[in-house]
Amino acid sequence: MDMHFLRLGQGKPLLLLHGIGGSSRSWQLMVSGLVEAGREVIVVDLPGHGATPPLPGEVSIRTLADAVTDFLEQQQLLGIDAVGSSMGARLVLELARRGGVLGAVVALDPGGFWQGWEKPFFYYSVAASKRLVQQLQPIMPALAGSPIGRTLLLPQFSARPWKLPAELVLEEMRTLASSPSFDELLYHLAYGETQKGAPRGTISAPLVIGWGRQDRVCFPAQASRALSLFPDACLHWFARCGHFPQWDSPEEAIQLVLTVTSGINYEPLLSAEMARERKPGTSWAAILGLGLAVGVGGYLLSRRSAG
């Protein structure tokens, strides 16, 4: 599989896999820190995202995992350490489960562990957000350039969207709106084949699942389900993060990745505050933004379906 990618820095290779609707640029807040720490960072545009054309035929976690495996074989990178975010996190878990593809793995807020009402909530809220983003493309530079605009655009995905760099948000919104594989992939993520697990003792390389305490896409309660399917994994809580720790707390995410992929036991680095169960605080700005985005996006989605 030919995929657009960049290789940056020198040292032990590290693969970064973005989420649905993202691109290699989704990692821009982490790449320089990883390179400065002595890693060669390989960031890809997954099929149907960024500069990589879509897959022929079915687009699902299974076919994307096959495509990533083919890419790693072509580049002679089998056994590479890997970090995934959201859909990319589910991809690295699937590849770790298969064995022989990846080395150490960090999965940040993986999808695929929804149950009951969480599936339609995920599907319809994210689908509505995409429709809204498509409609707003003519004024997207102004929205992304404003703290209020970023809060209205990304309340479901970031704990503090107003603090995100404008150029990062603008790139994400453009990639999300233009991905030709988004709709089919979103449906398969929500309603397609469920994620299979790996019995205890079958994954020997370090495996850590990171989760934001304020994740409004993959709710924190889903972390226990992920651990039950991947009992060889350890869990790392990001105390003040939403769905994308690489956005809300890039320094902590970098430290976690460097620790895990260096073969060091990361657990002593966890503070009591981070390990303690606690209820996230209420962000009324985020709730308002999420409600507005879902409401308007849902209206646009229903109009498109009716047409």
Calculated from DSSP helices alone, with each H run of at least 4 adding -39500 (n - 2.57) and the total divided by the residues of the chain, [θ]222 nm to the nearest 500 comes to -13500 deg cm²/dmol
Karplus-derived HN-Hα couplings along the stretch 231-248 (A = 6.51, B = -1.76, C = 1.60, θ = phi - 60°), whole Hz, x at Gly and Pro:
x, 7, 7, 10, 10, 10, 8, 9, 5, 10, 10, x, 6, 10, x, 5, 9, 7
Quick check: net charge around Glu172, other residues with Cβ under 12 Å of its Cβ, Lys/Arg +1 and Asp/Glu -1?
+2
Enter the mean projected area of the convex hull around the alpha-carbon atoms of the stretch 5-306, in nm², rounded to one decimal.
14.8
Charge dipole of the chain built from unit charges on the beta carbon (Lys, Arg +1; Asp, Glu -1), centred at mean Cα; most positive-end Cα among Ala233, Val106, Val126 is Val126
Alpha-carbon radius of gyration plus Dmax, which is the widest Cα pair, for the stretch 7-158 in Å
16.6, 46
Residues whose modelled amide H sits under 5 Å from the amide H of Ala104, counting only those 5 or more places away in sequence or on another chain, are Asp81, Ala82
Taking Cys234, Cys218 and counting other C-beta atoms within 10 Å, the order from fewest to most:
Cys234, Cys218
Euclidean distance between Cα centres, the stretch 9-32 to the stretch 174-201, Å
19
What is the sum of charges around Trp247, taking Lys and Arg as +1, Asp and Glu as -1, for the other residues whose C-beta is under 13 Å from the C-beta of Trp247?
-3
Long-range amide H partners of Phe238 with built H, under 5 Å
Trp211, Gly212, Arg213
Considering all projection directions equally, how large on average is the shadow of the alpha-carbon convex hull of the stretch 112-153, in square nanometres?
3.6
Taking the mean number of other Cβ atoms within 10 Å as a proxy for protection, how do you rank 32-41, 241-250, 206-215, 72-81 from highest to lowest?
241-250, 206-215, 32-41, 72-81
Show me 51-62, 6-17 ranked by packing, highest mean number of other Cβ atoms within 10 Å first.
6-17, 51-62
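Laboratory data are not the source of any read-out in this text; all were calculated from the coordinates shown. This one's a predicted model, so the numbers in the text were calculated from it and none came from an experiment. Every residue, glycine among them, receives a Cβ derived from its backbone with ideal geometry; neighbour counts consider all protein chains shown.
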